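The values are calculated or read from the model by the stated rules, or taken from the named source; none is laboratory data. Here the structure is a predicted model, which is why all the values come from computation and not from measurement. In this analysis, Cβ positions are derived from the backbone assuming ideal geometry, glycine residues included, and neighbour counts consider all displayed protein chains.
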Amino acid sequence: MTNEELNEQYELFVLGVAEPEVADEIRAKLAAGDPEVTQGVALARALVAGLAFTAPEVEPPDRLRKKIVAAVSQEPQTFPRWFWVWATATALVAVVAFNFWQREQRKGAEVAEMRQQLIAQAAELKTVSQLLEFLNEPELKLTTFGTAQPTPPRGRVLVSPNKGVLLLVSNLPPAAQGRIYQMWLVPKQGGPVPMGLFQTTAQGTALHVRPGTVDLASAAAIAVSLEPEAGSTAPTTTPFIIAPVAE
Amino acid sequence: MFAALEGDDIPVIIARMKRRDPDALEEVYKRFGRLVFSLILRVVRDSAVAEDLTQETFLRAWNRVQGFDGDRGKFGPWLLAIARNRAIDYLRSVDGRQRHNSVEISSSESPLLFVNLDEELLNSERGRRLRTAFEQLNDHQRHVMELAYFEGLSQSEMAAKLNQPLGTIKTWTRAALQVLRAALGENRNAMGESTGI
């Protein structure tokens with residue numbers, strides 16, 4: 001058909017009542033972008049839309065509006081796309097912030113642990129240094145204890161008149177919570193003199209140094225007892241280590 | 001006369017419908033409800049059925065609005081196409097008519113067909129002009145247009161129903177369209193010469 005012949009068919013085509021062969025031809029020309037047919041169909045669509053006005057006007061019952069609105073109001077509300085974008089972004093920021101916080105927490109714990117290790121190493125270094133100083137002392141007195149006992153503890157005591165007392169102990173379990181080991185200098189005359197508090201390691205060893213001067217002539221023994229955590233001015237329990245100071 | 005329909009705020013209302021705002025559908029109903037109901041009632045001639053089909057029309061638009069271009073599309077014509085299709089489908093189901101062009105009917109309500117149309121496509125003034133022109137058609141011309149628009153009959157089906165030669169039906173149809181096109185100020189060079197019978 002020519003476009004002139006099709007011109008009479010555009011409205012019928014839009015209404016969906018054109019004969020099949022006519023509809024096919026219009027559809028083909030629309031697909032090919034025929035400007036005349038495209039414009040004709042657009043104008044026909046405008047006319048057909050207006051044909052609704054030729055129906056006698058009737059007011060619908062009000063219940064119809066309520067029914068329609070009620071039907072869609074029962075739907076679960078959905079959020080606009082911007083909301084989901086915002087929510088996703090917020091969640092991502094929260095996850096990143098949480099990870100950052102966790103990493104900082106881990107770093108803080110690692111730093112604290114390293115600081116403790118450094119302190120412990122410094123203490124060990126100091127002890128080794130004191131030990132070397134002790135060993136270099138010309139008037140060093142050495143005694144052992146516990147060798148005759150079937151059970152621990154065992155160890156050695158080094159007494160220097162110029163450097164003080166050094167106690168090496170093994171097989172001594174750590175004191176229970178709230179308790180601590182206390183070293184004593186037991187003189188030949190008078191009561192025991194406090195020589196410092198110490199705790200053993202998980203392996204049951206300890207190296208305790210009490211710097212100072214010691215009068216070897218008046219010293220009878222070095223003793224260790226179990227005391228309250230704050231320490232005591234005099235033994236509150238019977239000393240379980242008594243190492244005589246050799247003359 | 002029908003109230004003002006398309007307006008500058010239609011794109012905003014469409015956007016709200018896409019966000020599933022029930023108030024937006026109510027606004028659409030306030031504008032188009034009477035026209036849609038009147039059109040459907042004219043086709044099915046049963047008030048209860050018209051109510052059901054009107055509800056179906058608005059819910060169909062609600063469910064398919066995501067595919068509608070709110071900025072370029074013309075909502076009113078799209079809604080009316082849905083309404084007419086629902087009514088014609090109902091009519092055919094009652095009549096037991098199996099139409100060769102049933103696919104054509106349903107595809108005519110695709111939202112994509114209602115973009116870039118005339119800005120003044122569906123306002124009351126155009127409706128008034130078209131209605132006046134429709135009333136000026138002679139009985140034959142008006143009858144074939146009503147059969148096409150309100151009953152969804154092709155020209156060959158009209159010829160059989162009216163017991164008239166197909167050529168006569170085509171002449172009446174061509175004449176009717178010429179009058180209606182003229183009422184809308186269209187000046188198509190290819191328009192036929194016939195003024196109707």
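One residue stands out in region A:50-64 among those that are at the interface with chain B (Cβ under 7 Å from one of its Cβ atoms) and part of a helix (DSSP H, G or I): the one that is surrounded by the most Cβ atoms within 10 Å (Cβ to Cβ), namely A:Ala52.
From the list B:Leu184, B:Leu122, B:Leu112, B:Leu177, the lone residue that is modelled with pLDDT of 90 or more and not charged (D, E, K, R) is B:Leu177.
The condition of being in contact with a helix residue (DSSP H, G or I) (Cβ under 8 Å, 6 or more places away or on another chain) and either loosely packed, with under 14 Cβ neighbours inside 10 Å or not in a loop (DSSP other than H, G, I, E, B) (or both) holds for A:Ala46.
Of the residues making up region A:164-185, those that are surrounded by fewer than 22 Cβ atoms within 10 Å (Cβ to Cβ) and closer than 22 Å to A:Thr233 by Cα are A:Gly164, A:Pro174, A:Ala175, A:Ala176, A:Gln177, A:Gly178, A:Arg179, A:Ile180. Only a single criterion out of (1) assigned by TED's automatic domain parsing to the domain that holds A:Ala234; (2) at negative phi is not satisfied by A:Gly190, namely (2).
Scanning region B:155-169 for residues that are within 12 Å of another protein chain (Cβ to nearest Cβ) and either touching a residue at least 12 places away in the same chain (Cβ under 8 Å) or touching an Asp or Glu at 6+ places or on another chain (Cβ under 9 Å) (or both) turns up B:Gln155, B:Ser156, B:Glu157, B:Met158, B:Ile169.
A:Glu4 meets the conditions (1) under 30 Å from B:Phe37 (Cβ atoms); (2) without any contact (Cβ under 8 Å) to a residue 24 or more places away in the chain; (3) part of a helix (DSSP H, G or I) in every case but one. The failed one is (1).
Considering only residues that are surrounded by fewer than 18 Cβ atoms within 10 Å (Cβ to Cβ) and either at the interface with chain A (Cβ under 8 Å from one of its Cβ atoms) or in contact with a helix residue (DSSP H, G or I) (Cβ under 9 Å, 6 or more places away or on another chain) (or both), which ones fall in region B:124-142? Full working, then the answer.
Just the residues of region B:124-142 that are surrounded by fewer than 18 Cβ atoms within 10 Å (Cβ to Cβ), to begin with: B:124-125, B:128-129, B:132, B:135-136, B:138-139, B:142.
Residues satisfying the conditions are B:Ser124, B:Arg128, B:Arg129, B:Thr132, B:Glu135, B:Gln136, B:Asn138, B:Arg142.
The set of residues from region A:18-40 being closer than 22 Å to B:Arg84 by Cα, hydrophobic (A, V, I, L, M, F, W, C) and touching a Lys or Arg at 6+ places or on another chain (Cβ under 9 Å) is empty. Within region A:191-217, being modelled with pLDDT under 90, small (Gly, Ala, Ser) and more than 17 Å from A:Arg156 (Cβ to Cβ) holds for A:Ala202, A:Gly212, A:Ala217.
With respect to B:Ala61, determine if the residue is of a type outside the set (Asp, Glu), within 21 Å of A:Lys67 (Cβ to Cβ), surrounded by fewer than 19 Cβ atoms within 10 Å (Cβ to Cβ) and within 12 Å of chain A (Cβ to nearest Cβ). Break it down stepwise before answering.
Working: of a type outside the set (Asp, Glu): yes; within 21 Å of A:Lys67 (Cβ to Cβ): yes; surrounded by fewer than 19 Cβ atoms within 10 Å (Cβ to Cβ): no; within 12 Å of chain A (Cβ to nearest Cβ): yes.
No: the conditions fail for B:Ala61.
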